[in-house]
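Report on the structure given below.
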Amino acid sequence: MQNVFKGRPVLPAEIQGEAVVTHSGFNTLACFYKSILHDAARAICGDQDNPELFGRDLTDKVLCLPKSIGSTSAGAAWDRVAKMGIAPRALLFAQHIDSLSAAGLVLADVWAGKRICAVDQLGEEFLNQVKTGQQVHVQPDGTVTVE
């Protein structure tokens with residue numbers, strides 16, 4: 001069975017990948033700090049305050065989240081993980097994307113040449129339906145299909 005959701009494409013792309021879901025706010029720097037510091041080959045989430053993501057590999061995953069939280073360092077973190085080639089494939093927000101994440105994803109797109117697809121305003125029902133490990137397909141118009 002498929003569930004289809006419609007959001008607002010912020011950085012549109014057509015992608016497919018494995019969902020990793022969190023119902024907590026996503027702290028970009030806390031998640032990626034150790035991977036960036038150690039020039040790691042994979043983006044293993046180091047945010048101990050997010051038990052759904054802590055220790056999970058986010059490289060090439062479709063990150064499904066309500067919103068992101070954190071400081072102005074988020075933009076630099078997105079640019080760095082993109083340059084390292086370990087960024088998630090997409091960020092799918094139930095709520096509005098915040099300006100820091102949006103700016104960081106644009107930096108990654110322009111400066112690192114790595115498009116991290118972003119769709120926001122998918123709604124709480126989206127987060128209630130999608131589960132870690134499911135396949136997710138994103139269309140450039142913001143349509144998200146969960147297998």
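Return yes when Glu52 is in contact with a Lys or Arg (Cβ under 9 Å, 6 or more places away or on another chain) and either within 18 Å of Gln135 (Cα to Cα) or touching a residue at least 60 places away in the same chain (Cβ under 8 Å) (or both) and no when it is not. No: the conditions fail for Glu52. The set of residues in segment 42-101 that are in contact with a helix residue (DSSP H, G or I) (Cβ under 9 Å, 6 or more places away or on another chain), surrounded by 19 or more Cβ atoms within 10 Å (Cβ to Cβ), within 26 Å of Thr143 (Cα to Cα) and of a type in the set (Lys, Arg) is empty.
Cβ separations smaller than 6 Å between residues 6+ apart or across chains give the following pairs from segment 66-91 residues that are touching a residue at least 12 places away in the same chain (Cβ under 8 Å) and farther than 16 Å from Ala112 by Cα to residues that are in a loop (DSSP other than H, G, I, E, B) and polar (S, T, N, Q): Pro66/Gln95; Lys67/Gln95.
Within segment 30-41, being surrounded by fewer than 19 Cβ atoms within 10 Å (Cβ to Cβ), among the hydrophobic types (A, V, I, L, M, F, W, C) and over 24 Å from Ile15 (Cβ atoms) holds for one residue alone: Leu37. I need the full set of residues from segment 77-112 which are modelled with pLDDT of 95 or more and in a loop (DSSP other than H, G, I, E, B), in order please. Matches in segment 77-112: Gly85, Ile86, Ala87, Pro88, Arg89, Ala94, Gln95, His96, Ile97. Entry remark, segment 5-38: residues being in a loop (DSSP other than H, G, I, E, B), within 12 Å of the chain's Cα centre (by Cα) and within 17 Å of Gln121 (Cβ to Cβ) number 1 in total.
Scanning segment 113-135 for residues that are closer than 20 Å to Leu29 by Cβ and either out of contact with any strand residue (DSSP E or B) (no Cβ under 6 Å at 6 or more places or on another chain) or assigned to a helix (DSSP H, G or I) (or both) yields Lys114, Ile116. Of everything in segment 64-115 that is among the β-branched types (Val, Ile, Thr) and over 14 Å from the mean Cα position of the chain (by Cα), the residue that is farthest from Thr145 (Cα to Cα) is Thr72. Determine whether Cys64 is within 20 Å of Gly104 (Cα to Cα), assigned to a helix (DSSP H, G or I) and at pLDDT 95 or above. Answer is no for this residue.
The values are calculated or read from the model by the stated rules, or taken from the named source; none is laboratory data. Model, not experiment: these values are computed from the prediction. Cβ: placed from backbone, ideal geometry, glycine included. Neighbour counts: every protein chain shown.
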